[in-house]
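Notes to accompany the following structure.
The values are calculated or read from the model by the stated rules, or taken from the named source; none is laboratory data. Remember, predicted model here, so these are calculated numbers, not experimental data. Quick reminder, even Gly has a Cβ in these numbers, built from the backbone with ideal geometry, and neighbours come from all protein chains shown. Only protein heavy atoms, including side chains, enter the accessible area calculation; ligands, DNA and RNA are left aside. Shrake-Rupley method; radii C 1.70, N 1.55, O 1.52, S 1.80 Å.
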Amino acid sequence: MIQLLPTDAPFAPQLEKVRSMVEVLAYMGNDLFPINSARESLHKQSEFELSEDGTWVLSKKDKKLLTSLGRRGHFTPFTHNGVIFRIKMPIYIARQWFKHTVGFSYNEVSRRYVSEPPEFEFGFPWQRKPTDGIKQGAGEVFNDETQERFNSEYAVLIRHASDLYSNWIARGMAPQQARKLLPVSYYTEFWQTGNVESFARLYKLRVDPEAQLETQQYALAIGEHMSKLFPEAWATKTRDYHGEEVAALNSRIAALEAQLARSENERLRLERAQAAA
Ligand SMILES: Cc1cc2nc3c(=O)[nH]c(=O)nc-3n(C[C@H](O)[C@H](O)[C@H](O)COP(=O)(O)OP(=O)(O)OC[C@H]3O[C@@H](n4cnc5c(N)ncnc54)[C@H](O)[C@@H]3O)c2cc1C
């Protein structure tokens, strides 16, 4: 049964499914790569340190450098950690995904050449169009009864499209033309090679609540892999520095206010002392 969830929450059952469709084929580097590529300018290199619990970690000095590189927006040090993902996602999401170009290479299965029976996405809860004049995105999830009705209508369409596709292929139609029958929810598959910098950029844009909820699930899956492969570098690149800057500014303002209050108290104390004299 489809769960009713708030629209800003990830659809957990779908995330489980999506996780299996985002696969790491190969990767290069570790958390030292951004640090050592930056240290190359001084012809110096760092090593991991053995922590008290027996794990290899970045030294305090290296962590500080990493944070500074992230905060100042240096990007080249974060381009040396490479990853190749194999991703399977519906065409309508891939259409959005392939907009991310800088720092990426893609190679995709071609339905000009491949005529295997297509697979279709099924199971994301159907949502209403947004209200309050919002043009983009989706609103509330339909109730269970309506979900089932949409699901059965959708199932009829994809079954028909799928059957007709196979039928046309069997009758000798070129795959590049038979694919015109397929709804945009059929799965495509591709390799995507990128780095911490480029994937962090994609991630931040696509986990944002403004992004389509289905697309967010794929970005979350990328984030899970990246944070396992390069925990410190990934955290540095996906941290909200703006939030941090605001917090730092607020604490400076608070300190200044406290200082002003102390001066004001001192001024009042002196005034009282002078009046009493
Ligand atoms: C919520 C959401 C809604 C969207 N809606 C739409 C939509 O309705 N229609 C649509 O067409 N797209 C839409 N997009 C796609 C969006 O406009 C971008 O194309 C996509 O997010 C990729 O952006 P990017 O900055 O990562 O691009 P990339 O091409 O990966 O570029 C990365 C960065 O490199 C730099 N760069 C790249 N090319 C140049 C250049 N020519 N000159 C100077 N600097 C450059 C920029 O700093 C850029 O941000 C949407 C994206 C999101 C997240």
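Tabulated values for the structure
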{"read-out": "Percentage relative contact order, region 81-183, counting C-alpha pairs under 8 Å, at least six apart", "value": "26 percent"}
{"read-out": "The chain - mean residue ellipticity at 222 nm from DSSP helices (-39,500 (n - 2.57) per run, n ≥ 4, rounded to 500)", "value": "-16000 deg cm²/dmol"}
{"read-out": "The chain: most fluctuating residue of N36, N143, N81 per GNM, C-alpha cutoff 10 Å", "value": "N143"}
{"read-out": "Euclidean distance between Cα centres, region 106-151 to region 18-94, Å", "value": "34 Å"}
{"read-out": "Among R267, R71, R239: highest mean-square fluctuation, GNM of the chain, C-alpha pairs under 10 Å", "value": "R267"}
{"read-out": "Average projected area [Cα convex hull, the chain], square nanometres", "value": "25.7 nm²"}
{"read-out": "Low-density loop cleavage sites - GluC sites (Glu not before Pro) in region 199-277, where at most 11 other Cβ are within 10 Å (DSSP)", "value": "E210"}
{"read-out": "Inter-site label distance for H160 and K135 at 7 Å from Cα along Cβ, in nm", "value": "3.2 nm"}
{"read-out": "Carbon and sulfur %, accessible surface of the chain computed with the full protein complex present, 1.4 Å", "value": "54 percent"}
{"read-out": "Percent RCO, i.e. relative contact order, over the chain, from Cα pairs under 8 Å lying at least 6 residues apart", "value": "27 percent"}
{"read-out": "Average accessible surface area per residue within the chain, 1.4 Å rolling probe, Å²", "value": "63 Å²"}
{"read-out": "Residues T67 and R95, FRET efficiency given R0 of 35 Å [Cβ-Cβ distance, rounded to 0.05]", "value": "0.45"}
{"read-out": "Region 135-218: C-alpha gyration tensor shape, a/c 1.5 cut-off, then a/b vs b/c", "value": "oblate"}
{"read-out": "Cα gyration tensor shape for region 86-153, rounded if a/c is under 1.5, else prolate or oblate", "value": "oblate"}
{"read-out": "Violating pairs (Cα-Cα greater than 20 angstrom) within the set K17/K237; K61/K228; K17/K99; K88/K129; K99/K180; K63/K228", "value": "K17/K237; K61/K228; K17/K99; K88/K129; K99/K180"}
{"read-out": "Additional length obtainable on full extension of the chain from L15 to R262, 0.36 nm per residue less Cα span", "value": "83.6 nm"}
{"read-out": "Amide N proximity, region 182-209 versus E153 label position 7 Å along Cα-to-Cβ, cut-off under 17 Å", "value": "183-185"}
{"read-out": "GluC sites (Glu not before Pro) lying in DSSP loop within region 36-112, provided at most 12 other Cβ fall within 10 Å", "value": "E47, E52"}
{"read-out": "Formal net charge of residues neighbouring S51 (Cβ-Cβ distance under 15 Å; K, R +1; D, E -1)", "value": "-4"}
{"read-out": "Tensor-based shape of region 1-141 (alpha-carbon gyration tensor, a/c under 1.5 rounded, otherwise prolate or oblate)", "value": "prolate"}
